[in-house]
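Data block below; observations after.
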Amino acid sequence: MKQVTTPNLLGATDNTPNEGISSVGGHAQFTEMHPPLDARSALVESDRCYFCFDAPCIEACPTGIDVPNFIRMISNHNPAGAAAVILQENIMGGTCARACPVETLCEQSCVRNKEGDKPIQIGLLQRYATDTAMAAGETFFTREPDSGYSIGIIGGGPAGLSCAHRLAMLGHQVVIYESRQKTGGLNEYGLAAYKMLDNFAQREVEYIMAIGNIDIRHGMQLGDNISLSEIQSAHDAVFLALGLGACNMIGLTGENSQGVQDAVDYIRQLRQAEDLSQLPVGSQVVVIGGGMTAIDIASQTRLLGAREVTIAYRRGAENMKASVKEQEFAQTHDVRIMHWAQPVKLLVEQQKVVGVEFKSTDPTANQENFVLQADMVFKAIGQLLEPIDANRNIQFELEAGRLRVDVERRTSQFGIWAGGDCISDGDDLTVSAVQDGKLAAQSIHKFLNGTRD
Amino acid sequence: MADLTANFIGIKSPNPFWLASAPPTDKAYNVIRAFEAGWGGVVWKTLGEDGPPVVNVSGPRYDTLYGKDRSVIGLNNIELITDRPLETNLQEIAQVKRDWPDRAIVVSLMVPCEESAWKAILPKVEDTGADGIELNFGCPHGMSERGMGASVGQVPEYVEMVTAWCKHYSRLPVIVKLTPNITDIRHSARAAKRGGADAVSMINTINSIMSVDLNQLAITPTVGGKGTHGGYCGPAVKPIAMHMVADVARDPDCQGLPISAIGGISNWRDATEFMAIGASNVQVCTAAMTYGFKIIDDMVDGLSRFLDSKQMPSLDALVGAAVPSVTDWQYLNLNYVVKAQIDQDLCIKCGRCYIACEDTSHQAITATQVNGERHYEINDKECVGCNLCVSICPVEDCMSLRQLNSEVDTRTGKMVSGEYLNWTQHPNNPMS
Ligand SMILES: Cc1cc2nc3c(=O)[nH]c(=O)nc-3n(C[C@H](O)[C@H](O)[C@H](O)COP(=O)(O)OP(=O)(O)OC[C@H]3O[C@@H](n4cnc5c(N)ncnc54)[C@H](O)[C@@H]3O)c2cc1C
Ligand SMILES: Cc1cc2nc3c(=O)[nH]c(=O)nc-3n(C[C@H](O)[C@H](O)[C@H](O)COP(=O)(O)O)c2cc1C
């Protein structure tokens, strides 16, 4: 494959949009997607909040953060109090402030929209509060006296960490089994780099772990070097938070040729790269998919110097899982979004991909098949739950290929809870994973205290 | 456009906008800039008696009450009268008046409460060619401790006495500037009138402590670890000044006593309101100190357009136009009944009206869900028409009051006649 490395990331060339890239310590890095608010802008913005009664933004937040209350505290020069309000409901308030699609959640529900005005910038205000508190080393949570119970959690992503933190607060001992070397799940390996600058994922993990009584064991992979029954017998309750490991296949021949990659795998490399200029980037990139992952990989490869980046999605703009704002973000970074385009053939020469043939799925147009040249093709068509118990001794009820849980996040197996991307009904957002973890912890606590209804 | 020419107790100016006696009028340099910008007149920064001038602190003199966007809501100062030699000021006044004959220059004075002191300074002021004098009986800090300023203004007998001296020793028109730091400003205004004052101006600044610096736990502005009360002015004092102007304007004992209004005037609307409530002209300080002299453009333009829109050919038609609307509570019509109403199309469902009424008033608004959306509705049975919901609704025109006419008020079960009935006539009034 013709690999276009990007040695001149920092110098403008015709094809290199470089405003999203900067050099830190001689290494190429992404720059901030939405620059944070300074203290003064935060005061001004917070003052726009109407402090609604029974505010719709609280309801719109999957973790139920008391948004008007925290904003009022910012406006009264109390960012620490604001952070406490946020983190009480959402211990990953820092990441969510950076990564939540607020335009479809809290900010969409803001009553200011009804006035034809801009919504309050809730995400940026949340970031201001949490960043300020974290920078000042403010912590807000303590542990209750030791309960003597121990809970095993599989997966150290948002769902696992949120559950662990809440359980630790409630006095329980927690062990997290994590297959990778770093904690944080997709916060560390998946979210777009320009949302999570300055090693934020790890800083937040440390902040959360500081509560104590959370023991994290890296390199422990369920189904590989540890089994579910081993974990079950070592703990009083189990929480499954392993996300989605496997990648969906497009189902075309040539998917294993050089240049065809799983988007999430590539983003993982990107997030771990010390110097982005060393990362191989195609010249003509085609991304297949229509969600957040598609937007992220397209924008990031374009920022890294790909000459042409096209997202091909098999249905219309309104069907895309990525919000309008995210689509616009990609488009303003010179990414082309093509709707009604379904891949029918991967064009491969000497085991390397050279293009993709599409058929038009537009019901209103009658078009012929067309070809997009490509030296890199990314699959961003969603992920799958990996088998949880390879031996199938423990069978879970599934729904749409994911674990079925009740409102308290209990699986069909007694003593096992689950949350985050691995459960059905989820919306595949960090904030929802955090909420799942919190709810599961509360349910586990109730269960352990014998007050189960 | 309407003619804004003003004639205030014989002092003419091209418009009714003067700068109040304060730093903007402290010396020729500022005053000339003000005249160049278009101000109709100035009241020169208060002069004291001949001799070594007063000394101001060299620490901070001001402190501010801010809106969240750092807009200036109120200003507090601990500045004294002019700290420049009397002779310098008099020479500059004479020169500026010569160069700007069409503008009003009034000289503010504050000397000890002794006849000889006033007798000494008045001829010197007259010699400058100034148009009039303003007696500063208002300054609440620094000077009052020395038996001047507010300490004179707070005693009606002194106000009358000093005013009479000034009328006796000078031919210039006398404006008496009143302090708001009293319980009833009418007593001071009546005293000024008895002393022969040509007019009163009001208000001077209000005694105030702006804030406590929570790091140092010391009041602000902090001068070397300590602070003192200052004088408060700016937009925040406007309602207080309006009340005082209206009180004097409708006081039978003060009829025929012109008023120059001061206090929180920042734009043409403020100025117009003050004139409607009885002021013949207005003076401005804080707004100029916040934005500079250029704000005069908006004031002049806005006022003349307003007069045009009301078909008022000159200021006379405006002055006092709203005075008849001011009355005492006991004369308000108790048969005037209103209910709040919500324009559901404009409602943004913030719920503020509901929670304000529910927590703090009459439980007259219901909160329900209609088609999955928040919905707020007035319950006429409980609504007393208090206007709280309308006042705190963030959307303009969304909430309003509706007058009941020949219908039953469901709260009282009584027919609303609208027929005038005030408290003095009300059956519940033991005195009626
Ligand atoms: C590219 C991409 C971009 C995204 N961008 C956003 C965004 O901008 N905003 C947003 O809100 N959401 C975004 N999401 C979704 C969000 O990242 C997820 O919804 C969220 O991380 C789910 O959390 P989780 O804890 O369930 O799973 P994960 O974050 O996937 O964490 C699972 C953890 O379990 C570990 N694990 C997996 N299998 C095993 C095993 N067998 N044994 C032990 N450990 C195991 C993993 O290593 C990982 O640490 C994005 C997702 C992707 C893929
Ligand atoms: C710094 C400062 C100094 C002042 N000095 C005087 C003064 O010397 N003599 C006087 O009569 N009033 C003085 N005042 C009061 C103003 O003339 C005016 O009455 C008051 O500020 C209210 O008007 P405003 O709200 O427009 O500022 C001073 C006000 C300020 C802010």
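The values are calculated or read from the model by the stated rules, or taken from the named source; none is laboratory data. Nothing here was measured: the structure is a model prediction, and the numbers come from that model. With ideal geometry, Cβ positions are generated from the backbone for all residues, glycine too; neighbour counts draw on all protein chains shown. We work out accessible area using only protein heavy atoms, side chains counted, and drop any ligands, DNA or RNA first. Shrake-Rupley method; radii C 1.70, N 1.55, O 1.52, S 1.80 Å.
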Treating every alpha carbon of region B:334-425 as one equal point scatterer without solvent, the Debye formula yields log10 I(q)/I(0) values at q = 0.14 Å⁻¹ of -0.53
Per-residue ellipticity at 222 nm attributable to helices in chain A (runs of n ≥ 4 DSSP H, -39500 (n - 2.57) apiece, nearest 500 deg cm²/dmol) works out to -9000 deg cm²/dmol
Per-residue accessible area, 1.4 Å probe, largest first, puts A:207, A:194 in the order A:207, A:194
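Give the average, rounded to an integer, of partner chain Cβ atoms located within 10 angstrom of each Cβ in A:47-58.
5
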Using the Cα gyration tensor of region A:39-135, the equivalent ellipsoid's semi-axes, largest first and to the nearest Å, work out to 18, 15, 12
Region A:249-401: antiparallel bridges as % of DSSP beta bridges, rounded to 5, reads 45
Out of A:381, A:41, B:20 - ranked by how far each Cα lies towards the positive end of the dipole of the protein assembly as shown, with unit charges on the beta-carbon of charged residues - the top one is B:20
Any GluC sites (Glu not before Pro) in region B:374-432 that lie in a DSSP loop and have at most 14 other Cβ atoms within 10 Å would be B:396, B:407, B:419
With +1 at each Lys and Arg Cβ and -1 at each Asp and Glu Cβ, the charge dipole magnitude of region A:405-453 around its Cα centre, to the nearest 20 debye, comes out at 320
Ranked by GNM mean-square fluctuation in chain B (Cα springs under 10 Å), the top entry among B:210, B:399, B:289 is B:399
Taking every alpha carbon pair in region B:140-180 and sorting the distances into 10 angstrom bins from 0 up to the bin holding the longest one, the percent per bin comes out as 29, 51, 20, 0
For residue A:46 the rounded accessible area (nearest 10 Å², probe 1.4 Å, non-protein molecules ignored) is 10
For the protein assembly as shown, whose charge dipole is built from +1 on Lys and Arg Cβ atoms and -1 on Asp and Glu Cβ atoms, the candidate among B:95, B:398, A:101 with its Cα farthest towards the positive end is B:95
Violations at 25 Å Cα threshold for listed pairs B:97/B:167; A:114/A:438; B:119/B:193; A:325/B:68 -> A:114/A:438; A:325/B:68
Computed from the beta carbon distance with a Förster radius of 56 Å, FRET efficiency for residue A:40 and residue B:429 to the nearest 0.05 stands at 0.55
TM-like helix rule applied to chain A (DSSP H, alpha carbon span at least 15 Å on the long axis, mean Kyte-Doolittle at least 0.0) gives A:79-89, A:122-135, A:158-169, A:292-303, A:430-448
Projecting the Cα atoms of B:421, B:357, B:166 onto the charge dipole of chain B, where Lys and Arg contribute +1 and Asp and Glu -1 at Cβ, the residue farthest towards the positive end is B:166
In debye to the nearest 20, the charge dipole size for region B:6-325, taken about the Cα centre with +1 at each Lys and Arg Cβ and -1 at each Asp and Glu Cβ, equals 240
With every protein chain kept in place and a 1.4 Å probe, chain A has an accessible area per residue in Å² of 43
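Using only the heavy atoms of the protein chains and a 1.4 Å probe, how would B:293, A:30 rank by accessible area, largest first?
The ranking, largest first, comes out as B:293, A:30.
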Expected max-MSF residue from B:200, B:384, B:326 in the GNM of chain B (alpha carbon, under 10 Å) is B:384
Under a 1.4 Å probe, counting only protein heavy atoms, residue A:404 has an accessible area in Å², nearest 10, of 100
Given unit charges at Cβ for Lys, Arg (+) and Asp, Glu (-), the dipole magnitude of chain A about its Cα centre in debye, nearest 20, is 240
Which of B:338, B:282, B:107 fluctuates most in a GNM of chain B (C-alpha springs under 10 Å)? That residue is B:338
Put B:260, A:227 in order of accessible area, largest first, probe 1.4 Å, and you get A:227, B:260
The percentage of Cα-Cα pairs in the protein assembly as shown separated by more than 51 Å is 42
